[in-house]
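Notes for the one structure printed next.
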Amino acid sequence: MLRGVDPTSIRLPADLLPTDGRFGCGPSKVRPGQIDALVAAATTVLGTSHRKPPVKQLVGSVRSGLTDLFGLPDGWEIVLGNGGTTVFWDVATFGLVEQRSQHLTFGEFSSKFAEACAAAPHLDDPMVISTEPGDHPEPVGHDDIDLHALTHNETSTGVAMQLRRPDRTADGALVAVDATSAAGGLPWDPAEVDVYYFAPQKCFASDGGLWLAACSPAAVERIERIAASDRWRPASLDLGIALTNSRQDQTYNTPAVATLVMLDAQLRWMNDHGGLDWCVGRSRASADTLYSWAGSREWATPFVSDPEKRSAVVGTIDLDDRISADHVCAALRANGVVDTDSYRKLGRNQLRVGMFPAIDPADVAALTHCIDHVVEQLDGARGG
Ligand SMILES: *Cc1c(COP(=O)(O)O)cnc(C)c1O
């Protein structure tokens, strides 16, 4: 820093501030309407049995809401269970990978499923294809591979990839996609995917702790085949058990009912406003604002160099060395604008901005004005 300005002493003018200052990438902004839904459910759904109609209807509504949002073809099923995406990786090692998986790793999250498969004693060593953070690899068809593990949006770096089946896959090979931060904000075609899995704390603006997986008929067939085999599986991680329960609009063990209420409210909001296209357009509008702003400031650069790979839901912006991103984040936080920090392990002088559908594009524009103001205060006459 050129001058010893305490970032937390900077006061942003009220007319610059966003209406809502939450820009985190998960947990992310929960809309007030979702809290209204919680209040409405206070005595009728919350605190009642998950084996009885009010909660089962709620789970059914989440399952059909997702089917509508994604426009899933006949035969697809929504499966859910407790534990979030990280637990789903373990679930998949037990109940989805037949023998050998291929992983595209290009950041923290995409690496973790590869590590889980590598550690599983009943699976062959996975094939891992990597690129440096800021880019992504492409899947490669291979005779030995029965599951291709893709990540729709690498939340640690802000790289998004187009989902497509690799050419010349082995017979029956599945494409399984970690869509935790993408689902509900980026477009995809069910013809290119077999398992599209996620958790509700990103585009679905809810609390974490659940995993959900949209499964194609081929994936359902795989799940049922492994479930009928003698492979040992812990019951809580058994995808066959999860499938059976999901078909009855239940989970194997008790879910967080409040999370389901918030998720259902968000799905209704998304579907009522025009579905996935509308959601994608909203995130796209935010992203256009953020990236064009960064491109017009000499002290800011989008981290992802290929514009095609820049995520519309998680924006990563590198700052010039003279401006500490930590100080910018501290100044923003002191004004109620929070969670713009980069992913720690990436180790860059970077801002990271959640642009999920719940986040108003006008608030992303306001955020850019706030950052300009903070940088001017921190660094003298350097507003761009
Ligand atoms: C947030 C995130 C995860 C982790 O989700 P949990 O529900 O916390 O386990 C995994 N993958 C991606 C791409 C994510 O963005």
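Tabulated values for the structure
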{"quantity": "Prolate/oblate/rounded label for segment 2-124 (Cα gyration tensor, a/c 1.5)", "calculated": "oblate"}
{"quantity": "DSSP-loop trypsin sites (Lys or Arg not before Pro) across segment 38-110, with at most 13 other Cβ within 10 angstrom", "calculated": "51"}
{"quantity": "In degrees, nearest ten, helix 325-334 long axis to first principal axis of the chain (Cα)", "calculated": "90"}
{"quantity": "Potential extension, residue 36-residue 118 segment - 0.36 nm per residue separation minus Cα distance", "calculated": "25.1 nm"}
{"quantity": "In order through segment 18-32: 3J(HN,Hα) via Karplus (6.51 cos²θ - 1.76 cosθ + 1.60), integer Hz, x for Gly, Pro", "calculated": "x, 4, 10, x, 9, 10, x, 9, x, x, 10, 3, 9, 6, x"}
{"quantity": "Residue-count net charge about residue 354 - beta-carbon cut-off 10 Å; Lys, Arg +1, Asp, Glu -1", "calculated": "+3"}
{"quantity": "Normalised contact order of segment 296-361, rounded percent, pairs of Cα under 8 Å and 6 or more residues apart", "calculated": "34"}
{"quantity": "Centre separation in Å (Cα based) which lies between segment 305-384 and segment 64-104", "calculated": "33"}
{"quantity": "For the chain, calculated [θ]222 nm from helices alone, where every DSSP H run of n ≥ 4 adds -39500 (n - 2.57)", "calculated": "-11500 deg cm²/dmol"}
{"quantity": "Residue 125-residue 15 pseudo-label distance in nm [points 7 Å out on the Cα-to-Cβ vector]", "calculated": "6.4"}
{"quantity": "Crossing angle, helix 217-227 versus the chain [Cα axis fit, 0-90 degrees, rounded to tens]", "calculated": "60"}
{"quantity": "Percent of beta bridges antiparallel (DSSP, the chain, rounded to nearest 5)", "calculated": "60"}
{"quantity": "Estimated FRET transfer efficiency (residue 338, residue 191; beta-carbon r; R0 51 Å; 0.05)", "calculated": "0.85"}
{"quantity": "Residue-count net charge about residue 178 - beta-carbon cut-off 12 Å; Lys, Arg +1, Asp, Glu -1", "calculated": "0"}
{"quantity": "Trypsin sites (Lys or Arg not before Pro) within segment 139-214: DSSP coil, no more than 11 neighbouring Cβ in 10 Å", "calculated": "168"}
{"quantity": "Rounded if a/c under 1.5, otherwise prolate or oblate - segment 323-378, Cα gyration tensor axes", "calculated": "oblate"}
{"quantity": "Residue 49 versus residue 235: modelled label distance in nm, points set 7 Å from Cα along the beta carbon direction", "calculated": "1.9"}
{"quantity": "Three-way shape label, segment 127-265, alpha-carbon gyration tensor, a/c 1.5", "calculated": "oblate"}
{"quantity": "Cβ-based charge dipole, the chain, positive-most Cα from 213, 65, 174", "calculated": "65"}
{"quantity": "Listed residues 79, 45, 159, most fluctuating in the chain (Gaussian network, C-alpha, under 10 Å)", "calculated": "45"}
{"quantity": "Listed pairs 56/202; 29/112; 112/202; 56/309 exceeding 29 Å between Cα atoms", "calculated": "56/309"}
{"quantity": "Residue-count net charge about residue 231 - beta-carbon cut-off 12 Å; Lys, Arg +1, Asp, Glu -1", "calculated": "-1"}
{"quantity": "Compactness of the chain - radius of gyration and Dmax, Cα, Å", "calculated": "21.4, 69"}
{"quantity": "3J(HN,Hα) from dihedral phi, segment 155-161, Karplus parametrisation 6.51/-1.76/1.60, rounded to Hz, x for glycine, proline", "calculated": "5, 6, 10, x, 9, 10, 10"}
{"quantity": "The chain: angle of helix 275-295 to the longest principal axis, Cα-based, in degrees nearest 10", "calculated": "30"}
{"quantity": "Total charge dipole magnitude, segment 33-272, about the Cα centre, Cβ charges on Lys, Arg, Asp, Glu only, Debye to nearest 20", "calculated": "920"}
{"quantity": "Relative contact order of segment 33-272, pairs being alpha-carbon contacts under 8 Å that are 6 or more residues apart, as %", "calculated": "28"}
{"quantity": "Neighbour-count ranking [beta-carbon atoms within 10 angstrom, fewest first] of 129, 223", "calculated": "129, 223"}
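FYI, it's all coordinate maths here, none of it is from the lab. Because the structure is a prediction, the values reported are computed rather than measured. Heads up, the Cβs are rebuilt from the backbone with ideal geometry, glycines too, and the neighbour counts pull from every protein chain shown.
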